[in-house]
Amino acid sequence: MKKRIAVLPGDGIGPEVIKQAKKVLDVIAQKYNHIFQYDFALVGAIAIDKTGNPLPSETIELCKKSDAVLFGAIGDLKYDNDPKAKVRPEQGLLRLRKSLGLYANIRPVQLFPSLIERSPLKENHIIDTDLIVYRELTGGIYFGEKGRSEDGRLAFDNCSYSVNEIKRVAVMAFEAATRRKKKLTLIDKANVLETSRLWRETIQVISTDYPDVEIEYLYVDNAAMQIIQRPNQFDVILTDNLFGDIISDEASVITGSIGLLPSASIGKKTSLFEPIHGSYPQAAGKDIANPIATILSAAMLLESFKMYQEASAIRVAVNRSIEQGLVTPDINPSSHVTCSRVGDIISLLIESNTPKEINFENMFEGSLPVI
Ligand code: IPM
Ligand code: MG
């Protein structure tokens, strides 16, 4: 199969983790006889530096004509430290989500059994955690009218949702629940927010089409607590743009590192795949970032092409490399390998039909990064 993949490495560790994911995709292409054409484009702070625009029109055009987008990360300290900056890297990603109509952001949170002791949470609290967050991605407070009063001493960000915006992501979440453990938790703040009450009303109507799915409603403050206390009670979580952003970062703690969690953003046509972590500028250029979230995002990308066997080959290789302890310092500060070494190992595991012959001991050699 021939596919065009738009690659947007972005800022900070973005280019490093993208490089590893591309390495893995190259091995998949070779092994399974596919042709992946990669077209690179600018987004984020690097795009501002080079063009003055965090999302140049060539980038949007390229994404629109591609079969999928692989995205690294965006954000840069110089903007984080300057709240007055008018042009910001994040605008690049937000505009891209809007222009591609990516209204559903899917973030699976699964435990790697060999990493259970790496989680800061107690094993008996997290065992069997397997949840998936459906976050609305093109509405809510992120995209509402925002501004300042004339004297600049008052600011506002509006949050609004239409029934249709809620419905289209909710239907995806209900469909996912029917394929999974048939439980859907709507996370909102319906005791305070009108938009949350519209979410509840809309979900109640849709639920009549899904009589097998058990529905639970949780206020976001309570949910934030329960996700840490008893994450294994959740199956599908459905929530709005802002709550989904916060809850999914929180949920990543369960697995031991945010560097492990991939995501897919689905919408009208071209889908986008990105790790849920940020650009981690402090680590940029040091070859210490964890590429697994991006590599697993590439696996989700392959699933969107219906290349299930290929995606599964990536997951198996990722699991094996983690089981062997070949991980970056976020997972094991006292024994680790570099970001590029993790990419090499996963590629080698995919290439090799006889993984037993691989000498894992050698893989640690000469690879300890300088932090
Ligand atoms: C995410 C990120 C983005 C968001 C930022 C970079 C704009 O945190 O994808 O979760 O808030 O959506
Ligand atoms: Mg986030």
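Computed values, structure above
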| read-out | value |
| --- | --- |
| Residue-normalised accessible area of the chain, expressed per residue, 1.4 Å probe, Å² | 45 Å² |
| Full-extension gain in nm, residue 204 to residue 65, via 0.36 nm per residue minus C-alpha separation | 46.3 nm |
| Cβ-derived FRET efficiency at R0 35 Å, residue 351 paired with residue 180, nearest 0.05 | 0.65 |
| Formal net charge of residues neighbouring residue 251 (Cβ-Cβ distance under 14 Å; K, R +1; D, E -1) | -2 |
| D (Stokes-Einstein, µm²/s), Kirkwood Cα radius, the chain, 1.002 mPa s at 20 °C | 100 µm²/s |
| Cα-based helix-to-principal-axis angle, 241-255 vs the chain, degrees rounded to 10 | 40 degrees |
| Fraction of accessible area attributable to carbon and sulfur, the chain (%, probe 1.4 Å) | 52 percent |
| Gyration tensor (alpha-carbon) shape descriptor, region 131-284, a/c threshold 1.5 | oblate |
| Virtual paramagnetic centre 7 Å along Cα→Cβ of residue 214, amide N under 14 Å, in region 146-184 | 178, 180-184 |
| Angle in degrees between helix 308-323 and the longest Cα principal axis of the chain, rounded to the nearest 10 | 70 degrees |
| Separation between Cα centres of region 211-233 and region 1-17, rounded to whole Å | 34 Å |
| Partners for residue 122 among lysines (Cα-Cα distance below 25 Å; same-chain residues under 8 apart left out) | 181, 183 |
| Peptides 185-192, 256-263 ordered by average Cβ neighbours within 10 Å, highest first | 256-263, 185-192 |
| Cut-off 15 Å between beta-carbons: net charge of the residues surrounding residue 199, Lys and Arg +1, Asp and Glu -1 | -1 |
| Shape of region 281-333, Cα gyration tensor, a/c cut at 1.5 | oblate |
| Cross-link partners of residue 22 among aspartates and glutamates (Cα-Cα below 19 Å; sequence separation of 8 or more within a chain) | 11, 39, 67, 274, 287, 303, 310, 344, 351 |
| Entries in 50/269; 3/86; 19/182; 23/78 that, when Cα-Cα distance is taken, lie over 32 Å | 3/86; 19/182 |
| With all protein chains modelled, accessible area of residue 87 [1.4 Å, Å²] | 60 Å² |
| Global form of region 1-121, assessed from the alpha-carbon gyration tensor, a/c cut-off 1.5 | oblate |
| Separation of the residue 233 and residue 163 label points, Cα + 7 Å toward Cβ, nm | 3.2 nm |
| Ellipticity estimate at 222 nm from DSSP helix runs (n ≥ 4, -39,500 (n - 2.57)) divided over the chain, nearest 500 | -13000 deg cm²/dmol |
| ³J(HN,Hα) computed for each position of region 127-134 - Karplus, 6.51 cos²θ - 1.76 cosθ + 1.60, integer Hz, glycine/proline x | 3, 6, 5, 7, 10, 9, 9, 9 |
| Under 5 Å, built H, 5+ apart or other chain: amide partners of residue 189 | 196, 220 |
| Degrees between helix 163-179 axis and first principal axis of the chain (Cα, 0 to 90, nearest 10) | 50 degrees |
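The values are calculated or read from the model by the stated rules, or taken from the named source; none is laboratory data. In this text, all values refer to a predicted model and were calculated from it rather than measured experimentally. Reconstructed Cβ throughout: ideal geometry from the backbone, glycine too, with neighbour counts over all protein chains shown. When the accessible area is computed, the model is the full protein with side chains, heavy atoms only, and any ligands, DNA or RNA have been set aside. Shrake-Rupley method; radii C 1.70, N 1.55, O 1.52, S 1.80 Å.
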